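Okay, structure first, notes after.
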Amino acid sequence: MKRFFAVAVLIMRKDLRVETRSLELFLTTLFFAVSSVLVFAFGFVRNGRPVENAVAGIL
C-alpha cells in the first residue's frame, strides 16, 4: 500500500511540474475554481443568512 501512495505522489508531482510550465491551463483552472466558489457562496444565501439544507445539494 505504501508503494501505491509513493507512486501516486510521484505522478502527482510530475503532473504539477508539467502544468506549471504551461500557465495557460493552470490559470484557467484557477479562474474556474474561484468562480465556482463565488457562485456557491452567493447562490446559497437567503435573506442574508446561509441556507442550512444547501449542503446536501452542494455535495
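Across the chain, the convex hull enclosing all Cα atoms gives 113 Å³ per residue. Once the Cα atoms are used to define both axes, helix 23-43 deviates from the longest principal axis of the chain by about 20 degrees.
Values in this text are rule-based calculations from the coordinates and carry no lab data. None of these values were measured; they are calculated from a predicted model.
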